[in-house]
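Okay, structure first, notes after.
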Amino acid sequence: MHELSIVSSVVDQVVESLEKYPGARVTEVRLKVGALAAVVEDSLQFCYGIATEDTPLEGSRLVVNIVPVTVHCAACGADGAIESLQSFRCPSCGEPASDIRHGRELEIDAIEIEEAEEQVKP
Ligand SMILES: [Zn+2]
């Protein structure tokens with residue numbers, strides 16, 4: 001499943017960056033996902049629950065921010081968000097535009113953690 005492999009690599013990256021914070025738990029992971037990445041948010045959420053089991057991410061929240069597809073138009077020089085994924089046309093002049101500037105993102109935007117509480121020694 002496409003989403004599961006995405007989520008697994010996200011979990012790996014988060015676990016790696018947690019190495020600097022021993023004992024910390026993740027409370028929230030924010031992802032930036034381009035509209036062209038062709039992922040289904042519900043599937044991402046479902047897979048996240050599976051992929052985070054028995055990791056420091058277990059029980060954390062996944063926030064998915066969809067990045068709209070924007071193109072640069074060679075004809076008029078405008079940059080803009082396309083109206084639909086079925087039509088890659090410049091929103092200003094209507095010419096076909098294939099120079100995609102945004103919309104392919106698939107990256108971690110932010111990770112929120114809760115630092116380990118100090119152990120109280122008996
Ligand atoms: Zn144009």
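The values are calculated or read from the model by the stated rules, or taken from the named source; none is laboratory data. Since the model is a prediction, treat every value here as computed from it, not as a measurement. Heads up, the Cβs are rebuilt from the backbone with ideal geometry, glycines too, and the neighbour counts pull from every protein chain shown.
Miscellaneous remarks
- Leading residue by the ranking (farthest from the ligand (Cβ to nearest atom)) among those in segment 104-120 that are of a type in the set (Asp, Glu) and touching a residue at least 12 places away in the same chain (Cβ under 8 Å): GLU115
- Here PRO56 meets each of (1) part of a loop (DSSP other than H, G, I, E, B); (2) more than 16 Å from the ligand (Cβ to nearest atom); (3) modelled with pLDDT of 95 or more with one exception, condition (3).
- The single residue among LEU18, LEU36, LEU44 that is of a type outside the set (Val, Ile, Thr), surrounded by 15 or more Cβ atoms within 10 Å (Cβ to Cβ), more than 15 Å from the chain's Cα centre (by Cα) and not in a strand (DSSP E or B) turns out to be LEU18.
- All told, GLU107 meets the bar of being in contact with a Lys or Arg (Cβ under 6 Å, 6 or more places away or on another chain), assigned to a strand (DSSP E or B) and within 20 Å of HIS2 (Cα to Cα).
- Elements of type strands (runs of 3 or more DSSP E) contained in segment 61-103, each with 1 or more residues being surrounded by 12 or more Cβ atoms within 10 Å (Cβ to Cβ) and within 13 Å of the ligand (Cβ to nearest atom): 70-72, 79-81, 99-102
- Test result for PRO122, out of contact with any Ser or Thr (no Cβ under 6 Å at 6 or more places or on another chain), modelled with pLDDT under 95 and surrounded by 15 or more Cβ atoms within 10 Å (Cβ to Cβ): no
- When segment 30-64 is filtered for residues that are of a type in the set (Val, Ile, Thr), within 21 Å of HIS102 (Cα to Cα) and touching a helix residue (DSSP H, G or I) at 6+ places or on another chain (Cβ under 9 Å), the ones remaining, listed by number, are VAL33, VAL39, VAL40, VAL64.
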